[in-house]
Amino acid sequence: MILVTGATGHLGNAAIQSLLEKGVPANEITALVRDENKATNLKDRGVQIKIGNYNDYHSLKDALHGVDKLFLISSNDVTADTLLQHKNVINAAKENGVQHIVYISQEIKDDEITAIPFVIQIHRATAEYIKETGVVYTIFNDSLYADSIGKFSGETFLENGIFFPAGDGKVPFVPRTDIGEAAAVVLTTPGHDHMTYAITANTAYSFEDISVMLSAITGKEVKYLKPDLDTYSHALINAGVPKEVVGFLGAFATAIKNGEFDTNRSHLEILLGRKPMELKEFLKITYGK
Ligand SMILES: NC(=O)c1ccc[n+]([C@@H]2O[C@H](COP(=O)([O-])OP(=O)(O)OC[C@H]3O[C@@H](n4cnc5c(N)ncnc54)[C@H](OP(=O)(O)O)[C@@H]3O)[C@@H](O)[C@H]2O)c1
C-alpha cells in the first residue's frame, strides 16, 4: 500500500494520477486528506481515502496502518510548526513499520548562504529526522514549481507586466506533473534507497526569458518590470498584502536573483526516462489560448 499525503493538493494529486497511469491498482493507493469532500474524484476512481491532519498524531497513526510506502509532501501551513507536523507523520510511519519514505524538499546551491533559511532549515531538519529513523528514504530536492510563476509574477502580469524583484536570476522551473511522475517512478521501481535527487528542469530561465516566451505565446507584449526589492515591497504593502506574505515573496525573489536555484544538478530526466517538460511548453499549455 502506498500512502500519499497532501492528496487533495496539486502535487499529491499529480503523484496519484501517475501511480494510476503506471498501473498501480487504485485500491493499493491511499490518499491522506483533511477534507473528504475534496477527494470525491479520488474516491470515484477507487483510491482509498484516509482522514488525517499533520497536527494530529493519532489520525496519522491510524491512517498509516498497513502502509508500505509513504510519499510525504511537505506542509504548506506557514502558521504551523511544520517541522513538528512532519515529525508527526514520520513517527506514525515508523510506528507502523512503513518501509520507504519519499519526502519533498528544496534544491538550492548552498544551504549556508540563502535568502530563504526559514524554508531550507525545515526541509533539512525533516530529512535528517527521516534518516535517523533508519527507514529507507528518498529525498526529492525540488526546484521551484513552474506552476508558481503566475503567483510570483503578480495578479495582472499578462496585462500589466511581470512585477517581481528577481533581477536576472535563473531557475530550472519544473512542472508539478513531472515531479508527481518522478515520485511515482521512485515508488514503483527499485534502486532509489537512500538517494537524494535534484528534481529540476534541464534549463534554467530568468523572468526576462519568461516575458519573451509569454509575449510569443499570447501575441501581446508581456514586459518584465524588474522592480527592486524596496519598490516591490512598498507596492504590495500599499495594495494591502500582509507583511508576512510580502516578506516571503521578497525572500524567494532575492534567492532567485542571487542564483540560488541555478544549481546545474538534475536527476529528473534519468528518473522520467524522457526529457522534463520544457518551460515554453508549460507556459503554452497554461497561458496559451
Ligand atoms: N518548490 C516550490 O516551488 C514550491 C511551491 C509551493 C509549495 N511548495 C511545497 O510543496 C508542497 C506541495 O505543493 P502543492 O502545490 O501540491 O501545494 P497545495 O496544492 O497547496 O497542497 C498542499 C496539500 O497539503 C495539505 N495540507 C496542508 N496542511 C495540512 C495538514 N495540517 N494536515 C494534512 N494535510 C495538510 C493540503 O490539504 P487541503 O487540500 O485540505 O488544504 C493540500 O492537500 C507544498 O505543501 C509546499 O510545502 C513548493
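For this structure, a couple of remarks:
- Cα gyration tensor, segment 220-265 - rounded (a/c under 1.5), prolate or oblate: oblate
- Antiparallel bridges, percent of DSSP beta bridges restricted to the chain (to nearest 5): 5 percent
- Cβ-based exposure ranking for VAL119, VAL89, VAL136, in which fewest neighbours within 10 Å come first: VAL136, VAL119, VAL89
- Exposed loop sites, defined as GluC sites (Glu not before Pro) outside DSSP H, G, I, E and B with at most 12 other Cβ atoms within 10 Å, are absent from the longest region of the chain, namely 1-111.
- Taking HIS192, HIS86 and counting other C-beta atoms within 10 Å, the order from fewest to most: HIS192, HIS86
- Under 17 Å from LYS109, Cα to Cα: aspartates and glutamates that are on another chain or at least 8 residues apart: ASP142, ASP168, GLU260, ASP262
- Pairs from LYS43/LYS69; LYS61/LYS257; LYS257/LYS284; LYS38/LYS87; LYS50/LYS131 whose Cα-Cα separation, in the structure shown, is over 30 Å: LYS61/LYS257
- Student exercise, segment 215-289 dipole from Lys, Arg, Asp, Glu Cβ charges, in Debye to nearest 20: 340 debye
- Magnitude of the charge dipole, the chain, Cβ model with Lys/Arg +1 and Asp/Glu -1, debye to 20: 500 debye
- Looking at segment 1-103, none of the chymotrypsin sites (Phe, Trp or Tyr not before Pro) sits in a DSSP loop with at most 15 other Cβ atoms within 10 Å of its own Cβ.
- Of LEU225, VAL186, VAL89, farthest towards positive along the dipole that unit charges on Lys, Arg, Asp, Glu beta carbons give the chain: VAL186
- Residue exposure sequence - MET1, MET213 - by fewest surrounding Cβ within 10 Å: MET1, MET213
Every read-out reported here was derived from the displayed coordinates using simple, explicitly stated rules and does not represent laboratory data. Everything numeric in this text was worked out from a predicted model, so none of it was measured. Cβ atoms come from the backbone with ideal geometry, glycine included; neighbour counts cover every protein chain shown.
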